[in-house]
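Quick one: the structure is below, and I'll ask about it shortly.
The values are calculated or read from the model by the stated rules, or taken from the named source; none is laboratory data. From a predicted model like this one, the values you see are computed outputs, not experimental measurements. Every residue, glycine as well, gets a Cβ built from its backbone with ideal geometry; the counts of neighbours run over all protein chains shown.
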Amino acid sequence: MSEREEFKFEILEDLTKPYRLSTKAQVLLYIISLLITVLVAYLTPISLEIKIAGIIFVAALLYPYIIKVVNTLTESIGIALYAGSVFVIAYLIIKYIGFPNIRTTALLVIFLEVLSIEMFHHIAERFRIEKTKVSYVITVVLSVIFLIALYIVLSPLGVIVGGVITAIITVIFGYAILPERPF
């Protein structure tokens with residue numbers, strides 16, 4: 001991120017500061033929401049591993065909405081929750097669905113890729129707006145994976161029709177995950 005963009009991000013951060021709860025209140029609200037999540041999971045008649053996965057996913061999803069303190073520790077916790085939630089979702093998909101055929105596997109790869117990218121943008125906002133060479137390389141690599149998986153899914157439509165639809169959707173996907181300006 002350039003110095004100018006970083007300065008704009010800091011100004012935006014300072015503008016929202018008066019509207020935030022104190023750090024202690026944010027942590028207390030987050031703990032209360034997690035306790036409610038655990039209670040709901042406890043009362044639900046499903047398997048223990050799905051309950052744990054649900055709690056981790058909800059914890060990762062609620063974290064950036066409630067905890068608005070921006071420092072290295074809070075970003076690290078958010079990224080750890082993100083990694084844990086992506087891991088448990090991938091684990092549950094592999095355990096309960098598996099890899100019955102190549103088309104289903106490609107569809108699961110697309111699902112996990114889109115879910116993990118959007119969740120990462122949700123949790124680590126700073127990485128969503130940083131424009132670096134690494135972010136462009138990651139965008140290209142993820143778009144190629146998406147292109148291959150989508151072509152496998154759409155190949156029954158034919159080489160030309162499936163290829164054109166795949167190319168169009170991949171361009172839209174790549175544009176959607178590119179770093180964007182906050183202003």
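Tell me the residue from I160, I79 that is assigned to a helix (DSSP H, G or I), among the aliphatic types (A, V, I, L, M) and at pLDDT below 90, please.
I79
T37 is checked against (1) modelled with pLDDT of 90 or more; (2) outside any helix (DSSP H, G or I) and fails just one. What number does that condition carry?
Only one criterion in (1) modelled with pLDDT of 90 or more; (2) outside any helix (DSSP H, G or I) is unmet by T37, namely (2).
When you check V70 against the structure, is it more than 15 Å from the chain's Cα centre (by Cα), in contact (Cβ under 8 Å) with a residue 12 or more places away in the chain and outside any helix (DSSP H, G or I), yes or no?
yes
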